[in-house]
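Asker: Can you read through this structure? Questions will come right after.
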Amino acid sequence: MSINLNNICKQFGAFTALDNINLDIPEGELVALLGPSGCGKTTLLRIIAGLEQADTGDVFLKGDNVTDKPVKSRQIGFVFQHYALFRHMTVFENVAFGLRVKPRRSRPNNEFITKKVHALLELVQLDWLNDRYPDQLSGGQRQRIALARALAVEPSVLLLDEPFGALDASVRKDLRMWLRNLHHDLNVTSIFVTHDQEEAMEVASQVVVLNHGRIEQQGSPSEIYDYPANAFVSRFIGQTNVFDLAEHDSDWLQTAGLLTPNQAGKIAHVRPHDIVIQKSTTENTAPATVKDWQHLGALIRLELVKNGNNESSAPVYAEMPNDQFKELELNRGDKVDLKIRQAHWFH
Amino acid sequence: MNSISARPYITPKMLTLSDPDWVRYALIGLTLSIIGLFLVLPLATVLLEAFAKGWSTYKASLTHSDALSAMRLTLLVALVTVPLTTVFGISAAWAIARFNFRGKNLLITLIDLPFSVSPVIAGLIYVLIFGAQGWLGPWLSEHDIKIVFAVPGIILATLFVTFPFVARELIPLMQEMGHEEEEAALSLGASGWKTFFRITLPNIKWGLLNGVLLCNARAMGEFGAVSVVSGHIRGLTNTLPLHVEVSYNEYDFVGAFASASILAALAVVTLVVKTFLEWKLKQDLKAGSTRRW
């Protein structure tokens, strides 16, 4: 285990930022701390780094209890949300900083530093910018320099706070894959904080979902998506249709013949792609009507209205591949039959 | 041809020019004549009077032992107060910009106190505390320690009037710059001192120098507070501004104006350096803000 957190709690005044967090992160993983804003994910990252002190609980890095160690002796690399590059230093000096401030005994000589910095700058493909100042760089370039700077001290753990938060959508896409590949090459245990579930699913090998200072679920992206532990995770990760059997949805599901035999709770969450649609042959009793649809690239998302006496209720979303949608030749106002392939049940 | 570029467009410059000419010339003329009358003319008078009896008299009155000792004392006072005010200013700004604590606003207000209190009061406070009839007076005279009417008193009074200068310059600057770069340095293994000298200090240096400069100008030019505690002992407790007054009262006009010309020169140099520092500071902040959007 590379990172262990035991019973971490943190209060800010009356606000509970972290409520008894226990987390084990194995060596070499790329972990996403995912949650809505204010869920405590950045606080948790800063506690691991030592930039913040937990009220109670212990932090172990590579088996060492570092709870009382200051940030400078924790051997972590931290990439800040706004990069925090040293504005009065060139890119080269920024990356060299961690090596130059080492105590004299362990400080490498100039030749070594120069070689190492250029190697790191080549790793992030920005060696040609080595004599520029941070304010002459684009957002994506700063991000990569910040990463190179953090890697210079060969951290045992790499921590990234909203690494793509301040970037344009297009740059963000590229950097996500780049970070994933970089992690694959370096194999440093890394944690990044994000509020974007798509980003977490795309980049991370493990996802930790946080809400209100608690861990809701931890697992691989597919575990989290296919087997959400609770209603919050199911709603937060990807789109989902919520059917509440205690409310009027029960009647509609009954008349639509959708109640699955193995129902295990009162609330059913159904992913849009788990709803299969067919043109209805029995116009009058058909459970839903096509209201509209949107193109999501390879997929089409259909917006359906429930037929019956509760037409004001929330629409149902269904997704299907583009070519399948074309075969169905649906029009707005068409009545359709539904089949629910799979549902997640919560109480 | 782009149709948008053909559209009439009012620039801000055209708007400012839309005032009638006579308003512009009247306002510019008024400002210039007031500056001329109240700033340039007195400065010129100082120089004219100082050289009224020629270069050799000017030189002689500046090299007079009383004048020299006044200069030495003024330098000593500045040399002691400026570093102390600088250390205080950095610590106060650090505390206020970096930590949240109860009474923070009160502290900010208190730092400004010397600006709102008359310097004479500041001097009187020290006389009341350390003077012969003051609280600590008997104890001090028992132990043969002289504070009032001696150099320590002058330094204390100068400290009182100068201590907001550096702090006031740094507080908004450090609040604006934030804490992230320092945290980054710490996470890279730098110690607290290394972080301060390699990250914090370079980031605040122009603001700091500006504060030090203003503090120095005030320390050398302070009259009111120092006048109360000094006792005007020639060659011993007269600073340069006090020496100007004493000489003038004794009808030694050349001596008074010669010393005054030194102070005036100090003011001009301060002004020029200050303009340069503020220009550098603005550039630094600009670089910082583009970095953060």
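Asker: Run down the aspartates and glutamates and flag those whose C-alpha is under 20 Å from the C-alpha of B:Lys104, throwing out any fewer than 8 positions away in its chain.
Answerer: Once the sequence-local aspartates and glutamates are set aside, what remains near B:Lys104 is B:Asp112, B:Glu169, B:Glu176.
Asker: While we're on this one: Say each of B:Leu84 and A:Trp128 gets a label point 7 Å from the Cα, pointing the same way as Cα to Cβ; how far apart are those two points in nm?
Answerer: The modelled label-to-label distance comes out at 5.8 nm.
Asker: Determine, from the Cβ-Cβ distance of B:Lys146 and A:Lys102 and an R0 of 51 Å, the FRET efficiency 1/(1 + (r/R0)^6), rounded to the nearest 0.05.
Answerer: 0.50
Asker: Report, by chain and number, residues whose modeled amide H sits under 5 Å from the one on A:Ser2, excluding near sequence neighbours (fewer than 5 apart, same chain).
Answerer: Amide H to amide H, under 5 Å and 5 or more residues apart or across chains, A:Ser2 pairs with A:Ile25, A:Glu27.
Asker: Here's something else I'd like to know. Using a Gaussian network model of chain B whose springs link C-alpha atoms within less than 10 Å, name the residue from B:Glu180, B:Glu245, B:Glu222 with the highest mean-square fluctuation.
Answerer: Most flexible of the set in this elastic network: B:Glu180.
Asker: I would also like to ask the following. Which whole-number percent gives the relative contact order of chain B, counting Cα pairs below 8 Å spaced six or more residues apart?
Answerer: About 28 percent, as a whole number.
Asker: Could you work out how far apart the two model spin labels at A:Met177 and B:Trp139 are, taking each label as a point 7 Å from the Cα in the direction of the beta carbon, and quote it in nm?
Answerer: So the two model labels end up 7.7 nm from each other.
Asker: A further question follows. Compute the separation of the alpha-carbon centres of the stretch A:135-161 and the stretch A:1-30 and state it in Å as a whole number.
Answerer: Here the answer is 24 Å between Cα centres.
Asker: Further question on the same structure: Where both residues lie in the protein assembly as shown, what percent of DSSP beta bridges are antiparallel, nearest 5?
Answerer: Once the DSSP bridges in the protein assembly as shown are tallied, antiparallel ones form about 70 percent.
Asker: Here is a follow-up. May I ask you to evaluate 6.51 cos²θ - 1.76 cosθ + 1.60, the Karplus curve with θ = phi - 60°, for each residue of the stretch A:47-59 and list the ³J(HN,Hα) values in order in whole Hz, giving x for glycine and proline?
Answerer: 6, 4, 6, x, 7, 9, 9, 6, 5, 9, x, 10, 10
Asker: Of the residues A:His88, A:His195, A:His212, which exhibits the maximal mean-square fluctuation in a Gaussian network model of chain A defined by a 10 Å Cα contact cut-off?
Answerer: Looking only at A:His88, A:His195, A:His212, the biggest GNM fluctuation is shown by A:His88.
Asker: Same structure again: Placing +1 at every Lys and Arg Cβ and -1 at every Asp and Glu Cβ, with all other atoms neutral, what dipole size does chain B have around its Cα centre, in debye to the nearest 20?
Answerer: Charge dipole of chain B: 860 debye, to the nearest 20.
Asker: Let me ask something else about it. Counting only DSSP beta bridges with both residues in chain A, what percent are antiparallel, rounded to the nearest 5?
Answerer: Counting DSSP beta bridges with both partners in chain A, the antiparallel share is about 70 percent.
Asker: Please determine, in degrees from 0 to 90 and to the nearest 10, the orientation of helix A:110-123 with respect to the longest principal axis defined by the Cα atoms of chain A, where the helix direction is its Cα long axis.
Answerer: 20 degrees
Asker: So how far apart, in nm, are the two label points at B:Ile108 and B:His232 if each is 7 Å from Cα heading toward Cβ?
Answerer: With each label point 7 Å from Cα toward Cβ, the separation is 4.2 nm.
Asker: Quick query: amide H of A:Lys266 versus all other amide H atoms, modeled in the peptide plane; which residues come in under 5 Å with a sequence gap of 5 or more or a different chain?
Answerer: For A:Lys266, whose amide H was placed from the backbone, the distant partners under 5 Å are A:Phe346, A:His347.
Asker: Now, a different point. Hey, can you grab everything whose amide H is under 5 Å from the amide H of A:Arg214? Only 5+ residues off in sequence or another chain; H modelled, so Pro and N-termini drop out.
Answerer: Correct list: A:Asp19.
Asker: Sticking with this structure for a sec: Below 8 Å between Cα atoms, with a sequence gap of 6+, how large is the relative contact order for chain A in percent?
Answerer: 17 percent
Asker: How much length is gained if the chain between A:Glu202 and A:Thr90 is pulled fully straight, taking 0.36 nm per residue apart and subtracting their Cα-Cα distance, in nm to one decimal?
Answerer: Stretched out fully, the A:Glu202 to A:Thr90 stretch lengthens by 37.0 nm.
Asker: List the DSSP H helices in chain B whose Cα atoms stretch 30 Å or more along the helix axis and whose mean Kyte-Doolittle hydropathy is at least 0.5.
Answerer: Helices meeting the span and hydropathy rule in chain B are B:65-98, B:253-291.
Asker: Given a 10 angstrom Cα cut-off, can you work out which residue in B:Val254, B:Val246, B:Val161 is the most mobile in a GNM of chain B?
Answerer: Comparing B:Val254, B:Val246, B:Val161 in the GNM, the peak value goes to B:Val246.
Asker: Rounded to the nearest 5, what is the percent of antiparallel bridges among the DSSP beta bridges in the stretch A:142-244?
Answerer: In the stretch A:142-244, approximately 50 percent of DSSP beta bridges are antiparallel ones.
Asker: Can you list the lysines whose alpha carbon sits under 19 Å from that of B:Lys205, skipping same-chain ones fewer than 8 residues off?
Answerer: Candidates past the 8-residue exclusion: B:Lys194, B:Lys274, B:Lys280, B:Lys282, B:Lys286.
Asker: Inside 10 Å of the C-beta atoms of A:73-82, what's the mean count of C-beta atoms belonging to other chains?
Answerer: 3
Asker: Can you give me the C-alpha center-to-center distance between the stretch A:274-347 and the stretch B:69-136, rounded to a whole angstrom?
Answerer: First find each Cα centre; the distance between them is then 76 Å.
Rule-based calculations on the coordinates, nothing more; no lab input. Note that this is a predicted model, so its numbers are computed, not measured. Glycine also receives a Cβ, built like all others from the backbone with ideal geometry; neighbour counts cover every protein chain displayed.
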